[in-house]
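The values are calculated or read from the model by the stated rules, or taken from the named source; none is laboratory data. Computed from a prediction, not measured in an experiment: that's the story for all the values here. Note that each Cβ is placed from the backbone with ideal geometry, even for glycine, and that neighbours are counted across all protein chains shown. The area values use the complete protein model at the heavy-atom level, side chains included, leaving out ligands, DNA and RNA. Shrake-Rupley method; radii C 1.70, N 1.55, O 1.52, S 1.80 Å.
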Amino acid sequence: MNQLSSTFSTPITALPERVLQFGTGVLLRGLVDFLIDKANKQNIFNGSVVVVESMGDDVSEFVRQDNRYSVWVRGIENGQPVDEQTVVTAISRVLAAQTQWNDVLALARKPSLQVVVSNTTEAGLQYVEESIFQSPPTSFPAMLTSFLYERFKGAGGSRKMGLVVVPTELLPDNGLRLRNAIERTAQHNELGKLFMKWLKFHVRFCNSLVDRMVTGKPDEEATALFEQKAGYSDNLLTATEAYYFWAIEGDERVRKVLSFADVSPTHLIIDEDISFYRERKLRLLDGAHTFMTPLGYLLGNVTVEESMNHPLMGPLITDLVLKDIARSVPTDLTGDEGEAAVMQFGQEVLDRFRNPFNEHFLLDITGQQTTKMQVRNVPTLQRLAEIGDVPDRMALCFSGYLLFMRANRQTDEGEYVGEITVGGGELVYPIRDAQAAYFFEIWQTVKTFNNQSINQFVRAVLANTTLWQTDLTTLPGFADQVATYLTTMLTKGVEAAVKQRK
């Protein structure tokens, strides 16, 4: 079978190199490069991407395929199945920083370059004290500082050689974090006041939020299916869900430079404040995951999709997202978007949960469940208490979380293990949580058929301000609801507690 290359796919016109991308990972390939390619094919952006492999030195897979790769989109959109294949041709070349750093620096002198994009993991934005004059520097901030300093020297401080920098690392205020790291690196390397001035006025660092589940190359069976349909093989095949979203914080200058955003104005947003989009995702997507996962797992489900198809969990999750969490998004953040944008996103979240092509394992989501509950869902609980009351669906899910955190034993390796009977069999699972030891100890105080014991346990956990940064017993009726559901789970089973809510 032919391998994807320029001789096999449609020829393209060489486009000016307008984007420098640090990172070759699947998120960048499945979202950023995918969208730029889409814009190019509609004659909107007309610019190519130079990719830098920051850590390794092997870019041969890209070379063999003339920097082309396929994005295979499969999922659910507006309740309907989606199955689409696209050959992305936006990448002009891929450079290995370890062996081609001089080529990367040469790119800094190109007037056509306008944008820098990165995804170097969350740790990649941390400041490291080092010289930028190594070849190459070690950390990403030092690499980017070296690149910017090279551009400054060639530009003589010109405004025309300014850049828009958009990190996509999954951290809040990622643009500000990167800017701070760059400024500290510049000061450590004594790059001078003129460079600092050029950096301040002509290099715009934008906070951004990316949201797309990109799973990379699928398993052998799915890959064989793709090759049969496409008629070629692709070692860089990138599978992804149908949904995508990219919000970038910027003004009209940023909007003009990032003209590829016009390819999808509802899912590629440039706004001076992206707080609404971050809050919406945190509450409706991340928060729903955290609420639903322990309960769904204790009912015997393995994946998010299985939970959505479960006769009890599916309707509960739908109501949790659309009727409960959606109401918690602060109205002062919605601005012109309004309630409709929240509800639309809620429907998109449910479509994503139903995607049969993403094996999103519930047990994987349960890692550090306590911290996630505090960060993602405590503000939601507080908000709903302010405007009315805490929905009992949330109390039910919180009870499931408490039961999930009940460890039956500790292994010789120090791992806490939970056990529960599901469908007549024993379900044994690891509890990967920094608070596992706390819950192991406090669960020892609980007598299963003693309501007072269960109530005391629930109130002790909810009142633990170390866990929640607040006292959750102050939420009207919440402690009583949680205790009632947990009592049913302990005495009659998890399924009985879910049916009890109905």
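Annotations
- With contacts taken as Cα pairs under 8 Å at a separation of at least 6 residues, the stretch 133-283 carries a relative contact order of 20 percent.
- Ser118 long-range amide H proximity, modeled H, under 5 Å: Phe22, Val166, Thr168
- Contact order relative to length of the chain, as percent, for alpha carbon pairs under 8 angstrom and 6 or more apart: 12
- Surface share of carbon and sulfur [accessible, 1.4 angstrom probe, percent] for the stretch 212-320: 48
- In sequence order, calculated HN-Hα J values of the stretch 147-158 (Karplus, 6.51, -1.76, 1.60; Hz; x Gly/Pro): 5, 5, 5, 5, 5, 4, 4, x, 8, x, x, 5
- Counting only protein heavy atoms and a probe of 1.4 Å, the accessible surface of the stretch 28-179 is 46% carbon and sulfur.
- Where GluC sites (Glu not before Pro) in DSSP loops with at most 10 other Cβ within 10 Å are excluded, longest remaining stretch of the chain: 273-412
- Computed in the context of the full set of protein chains, the accessible area of the stretch 334-414 at 1.4 Å probe radius has 42% of its extent on carbon or sulfur.
- For the chain, the per residue solvent-accessible surface stands at 43 Å², with DNA, RNA and ligands left out and a 1.4 Å probe.
- Relative contact order of the stretch 9-137, defined on C-alpha pairs under 8 angstrom at six or more residues apart (%): 32
- Residue list for the stretch 404-445, given a label point 7 angstrom along the Cα-to-Cβ vector of Gln456 and an amide N cut-off under 20 Å: 406-407, 438-445
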